[in-house]
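Peer 1: Have a look at this one before I ask anything.
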Amino acid sequence: MNSAHRSAGRALLAGLLSVAAMLPIRAMGAETAAAVPRVVYHIDDTARAIPAIRNIANHLKAVPNIEIVVVALGQGVDFLLKNAKDDRGNPYEPMIDDLGLAGVEFRVCNNTLVARQIDKERLHPDAAIVESGVAEITRLQLSEGYAYLKP
């Protein structure tokens, strides 16, 4: 490369840098900080439902504007069935209702329902059915920016 080409290249670079300096500067992470935090909770075992419910309630207290989606699959769908109770005989429904009123969404894996022959009518009315629980978790993480938690 001769000196004329180097000089032209430097001039072009200097010009681009001066134009870039006039553009508005966005603070690193400003878009993220302003965005509503989003979390997907993965429940694949009903034994983890009560700890998950506690975690979600604590999360809502700490970050009131958070968006939370619970995706249940495998044995994790059992707590979202009508009349389901925990190991102490307490019904899950009031807890699910309270979380639903706070904006928490519940999604259930249709593959699980089919494999386990669970009638959709047995689900809590606030539970939405998605084709695949793992695909929904992946979609939420990659396409919608949800953080992943598995209590």
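The values are calculated or read from the model by the stated rules, or taken from the named source; none is laboratory data. Computed from a prediction, not measured in an experiment: that's the story for all the values here. All Cβ positions, even for glycine, are placed from backbone atoms using ideal geometry, and neighbour counts span all protein chains on display. When the accessible area is computed, the model is the full protein with side chains, heavy atoms only, and any ligands, DNA or RNA have been set aside. Shrake-Rupley method; radii C 1.70, N 1.55, O 1.52, S 1.80 Å.
Peer 1: Filter the range 57-68 for residues that are touching a strand residue (DSSP E or B) at 6+ places or on another chain (Cβ under 6 Å) and either polar (S, T, N, Q) or closer than 16 Å to residue 98 by Cβ (or both) and give the result.
Peer 2: Listed by number, the list holds a single entry, 68.
Peer 1: Within the range 119-128, restricting attention to residues that are within 22 Å of residue 50 (Cα to Cα) and surrounded by fewer than 17 Cβ atoms within 10 Å (Cβ to Cβ), which residue is nearest to the chain's Cα centre (by Cα)?
Peer 2: Result: 128.
Peer 1: I would also like to ask the following. For the range 131-151, which positions are touching a residue at least 60 places away in the same chain (Cβ under 8 Å) and either touching a Cys at 6+ places or on another chain (Cβ under 8 Å) or in a helix (DSSP H, G or I) (or both)?
Peer 2: 133, 134, 136, 137, 140, 141, 144
Peer 1: Right, next: Could you grab me the full set of residues in the range 106-150 that are at positive phi and in contact with a Lys or Arg (Cβ under 7 Å, 6 or more places away or on another chain)?
Peer 2: Scanning the range 106-150 gives a single hit, 145.
Peer 1: What are the residues in the range 92-117 that are surrounded by fewer than 17 Cβ atoms within 10 Å (Cβ to Cβ), hydrophobic (A, V, I, L, M, F, W, C) and touching a residue at least 12 places away in the same chain (Cβ under 8 Å), if any?
Peer 2: 102
Peer 1: What number of residues within the range 135-151 satisfy the criterion of being more than 12 Å from the chain's Cα centre (by Cα) and open to solvent by 70 Å² or more (accessible area, probe 1.4 Å)?
Peer 2: Result for the range 135-151: 0.
Peer 1: If you check residue 84 against the conditions, is it among the aliphatic types (A, V, I, L, M), farther than 16 Å from residue 67 by Cα and more than 21 Å from the chain's Cα centre (by Cα)?
Peer 2: The answer is yes for residue 84.
Peer 1: Go through (1) in contact (Cβ under 8 Å) with a residue 40 or more places away in the chain; (2) assigned to a strand (DSSP E or B) one by one and return the number of the condition residue 53 breaks.
Peer 2: In the conditions (1) in contact (Cβ under 8 Å) with a residue 40 or more places away in the chain; (2) assigned to a strand (DSSP E or B), residue 53 misses (2) alone.
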